[in-house]
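Read through the structure below, which is laid out as structure tokens, and then see the notes.
The numbers here are math on the coordinates, done by the rules we state, and not lab data. On a predicted model such as this, the values are computed, not experimentally measured, just so you know. So basically every Cβ, Gly included, is an ideal-geometry build from the backbone, and we count neighbours across all protein chains shown.
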Amino acid sequence: MTARVLVVGASASGLSTVEALRRKGYAGGITVLGDEPHAPYDRPPLSKQVLSGAWEPERAALRAEEQLTSLDAEFLLGETAVALDAEKRTVRTASGREVTADAVVIATGVRARRFPGAPDLTGVHVLRSLEDALALRGELVAGRRLVVVGEGVLGSEIAATARTLGLEVTLAGPLAAPMALQVGPVVSGVLAGLHTERGVTLRLGEGVVGLTGEEGGRVSGVRLASDEVLPADVVVVAIGAVPATEWLADSGLALDNGVVCDAWCRAAEGVYAVGDVARWHHEGLGRSVRLENRTNATEQAMAVAGVILGEDRPYAPVPYFWTDQYDAKLQVHGFLPADAEVDVVEGDLAARRFVARYRVGGRVTGVLGWNMPKQTRLRRQEVVDALQEPAVPTPTTVPVPTPVITPAPTH
Ligand SMILES: Cc1cc2nc3c(=O)[nH]c(=O)nc-3n(C[C@H](O)[C@H](O)[C@H](O)COP(=O)(O)OP(=O)(O)OC[C@H]3O[C@@H](n4cnc5c(N)ncnc54)[C@H](O)[C@@H]3O)c2cc1C
């Protein structure tokens, strides 16, 4: 019997775990530890509505206070987990508190990767938390020069939001086009056209090697591999994220770019991982994956709540993510390998309203819709059908911003 569940991480996947447990009828005790001082909030608006100022930060809250209260869970906020004894299922916090439970759910997400070896400069930002979004928003003044380092999903979104606010925006990174790693050459080419048309300067296809500015002073630019310096008043570093697993170093759990789990998202007896931090064995693909997207945070949490309560169902979803840039909504079901054959099955690339199907060896791996939500949803079934066939190799982590210096297979 599960008398107490401890969830570490009070954000999308942690909250969804609690909600799913209650929905499925679990009446035992629940404790949630979160290192941030805030009640759970949503991250996707941080690079969009919160960053643009269209939303006040409170609107990003995932639930109203009464809804959280009705969950009858103990939320211990501002408490950082520093160690886990996986055998005893005891977590210790920085303040010295110890919580023991029958089931521990690791939901600690990822942290923004910083620019390696960069001097201490003001005006350099990352974007992961609400505080990060508010600090960056304060610097997004029309007319300023912003350089976004990293042409992945997050970097592309930030470039779009800042450009809409009237900044002079340059997007820099080693790949040929925005989100090339995540959507492949055809669609990233269309995205490059959109950013250029909106006035973003693309300095892509060249690595970024450093930031310039006097130590302790303000950033003045971004240095490319060719030694050219792109002048900047503000820099955002969007070069990917690393799983927040440092507190698990002595836990005995297998850590390998995330918490390694079996097909039921189990890292050890009674210990599970959900959301961005979890690397689990996806039975449909026949390999382990770690997904950094909002839908997975909810779906994996629901799956794990079920497993804790005795359901015997491996977690094998069709991944889904979306991104909003200017008036474009891109929606992706499945995987889009770089070497996939891409054909437009609805709409038209030039009109920027289409659905593209991705195939490897004739087999569908994913679909991408651009401002065609209904048609994209209908095409998803082709991905579902293909996943039920024997496994083919696919990327291990989607979607993630691109590393600056060398594109790695996972980040
Ligand atoms: C700016 C931004 C925009 C995004 N936009 C999109 C989008 O458009 N579409 C999409 O599909 N996805 C998007 N995502 C990704 C999506 O938000 C994540 O996949 C989702 O937040 C993952 O939820 P999570 O709960 O697993 O992890 P997180 O949201 O990272 O939450 C983990 C929580 O655990 C806390 N924590 C970490 N370590 C400890 C510790 N030791 N003790 C206690 N607490 C700890 C963290 O502080 C955090 O509060 C975006 C992400 C960001 C940052």
Please report, in whole Å, how far the alpha carbons of the chain spread along each principal axis, starting with the longest.
60, 54, 38
With -39,500 (n - 2.57) per DSSP H segment of 4 or more residues and division by the full residue count of the chain, the 222 nm estimate, nearest 500 deg cm²/dmol, is -7000 deg cm²/dmol
Provide the descending list of Cα extents for the range 152-310 along its principal axes, expressed in whole angstroms.
56, 39, 28
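What number do you get for the range 320-398 when its Cα radius of gyration is normalised by 2.2 N^0.38 Å, N = residues?
Relative to the 2.2 N^0.38 Å estimate, the range 320-398 comes out at 1.05.
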Whole-Å distance, taken between Cα centres, linking the range 1-58 and the range 321-367:
31
Let me check the size of the range 216-268 from its C-alpha atoms; what are the radius of gyration and Dmax in Å?
19.2, 50
Counting only DSSP beta bridges with both partners in the chain, the antiparallel fraction in percent, to the nearest 5, comes to 55
According to the Kirkwood expression over distinct Cα-Cα pairs, how big is the hydrodynamic radius of the range 114-239, in Å?
14.3
Quick shape check on the range 49-135: root eigenvalues a ≥ b ≥ c of the Cα gyration tensor, a/c under 1.5 is rounded, otherwise prolate if a/b tops b/c, else oblate, and it reads oblate
With just the Cα atoms defining each centre, how far is the range 274-295 from the range 180-216? Give it in Å.
27
Relative to the longest principal Cα axis of the chain, at what angle does helix 373-387 sit, 0 to 90 degrees, rounded to 10?
60
Which whole-number percent is the relative contact order of the chain (Cα, under 8 Å, 6+ apart)?
17
Any idea what angle helix 180-197 forms with the longest principal axis of the chain, computed on alpha-carbon atoms, 0 to 90 degrees, nearest 10?
50
Between helix 12-23 and the chain: long-axis angle, C-alpha atoms, 0 to 90°, nearest 10:
40
Neighbouring Cβ atoms within 10 Å as the yardstick, rank ASP327, ASP35 fewest first.
ASP327, ASP35
